[in-house]
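Before any comments, here is the structure.
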Amino acid sequence: MKRGVVIVVFGLLLLAAAGCGGKYGSSSKSQSSTTKSSSGGGQKSIAGVNVNDHGTKSVSGKTAVVLGDYYFKPTVIEAKPGAKITLQLKNEGQVAHTFTIDAQGIDKNLDPGAKATVTVTVPKTGAVSFYCRYHRSSGMAGALAVAGSGGMTGTGGGTTTNGGNGY
């Protein structure tokens, strides 16, 4: 009888440990998906283009922008209408990327590990697209948007300045 109780208690301890292992034993996996969902994740439509979503950030003055392999983080940069923003770009990817805004004549090429600084102007209304010339078709794009505009999904309907390139 005592042996049966010991086996049951041992079994319950194993089940409890397995339950904890799912939450804490793979903490890096759990935390990364929580972080990813709070700062984006998956794909999002910006002006009718699917982009790899790595979050939205409201800024003023200076802000860091990471160029990873096939994404920008943050993907959407929001600020006051007409604000001039200094972006501190860093290519943390394994390949070269660009930060390109046709409508503002900006086209910075960054090799892996390279840094650059650009000053951009948030449009007075809506959004303006930025992208990587090499990887736009892989979803490496984003937007400068008026804070609180909320119109980042859909076809763009006149809210995106595209410099005549259809993007």
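The values are calculated or read from the model by the stated rules, or taken from the named source; none is laboratory data. All figures in this text were calculated on a predicted structure; none of them were measured in a lab. Reconstructed Cβ throughout: ideal geometry from the backbone, glycine too, with neighbour counts over all protein chains shown. Only protein heavy atoms, including side chains, enter the accessible area calculation; ligands, DNA and RNA are left aside. Shrake-Rupley method; radii C 1.70, N 1.55, O 1.52, S 1.80 Å.
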Exercise. Do you know which of the residues in region 61-77 that are assigned to a strand (DSSP E or B) and over 21 Å from ARG136 (Cβ atoms) is most open to solvent (accessible area, probe 1.4 Å)?
Worked result: LYS62
Problem set entry | Test: residue in region 122-135 that is modelled with pLDDT of 95 or more, under 17 Å from ILE77 (Cα atoms) and aliphatic (A, V, I, L, M) | yes
For this session: Select from region 90-105 the residues that are open to solvent by 20 Å² or more (accessible area, probe 1.4 Å) and outside any loop (DSSP other than H, G, I, E, B) and list them in ascending order.
Result: LYS90, ASP102, ALA103, GLN104
Problem set entry | Output for region 106-138, where each listed residue is among the hydroxyl-bearing types (Ser, Thr, Tyr), surrounded by fewer than 21 Cβ atoms within 10 Å (Cβ to Cβ) and part of a strand (DSSP E or B) | THR117, THR119, THR121
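Yes/no per residue for (1) more than 27 Å from ASP111 (Cα to Cα); (2) at pLDDT 70 or above; (3) open to solvent by 70 Å² or more (accessible area, probe 1.4 Å):
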{"residue": "LEU14", "(1), (2), (3)": "yes, no, yes"}
{"residue": "GLY22", "(1), (2), (3)": "yes, no, no"}
{"residue": "LYS36", "(1), (2), (3)": "no, no, yes"}
{"residue": "ASN52", "(1), (2), (3)": "no, yes, no"}
{"residue": "LYS57", "(1), (2), (3)": "no, yes, yes"}
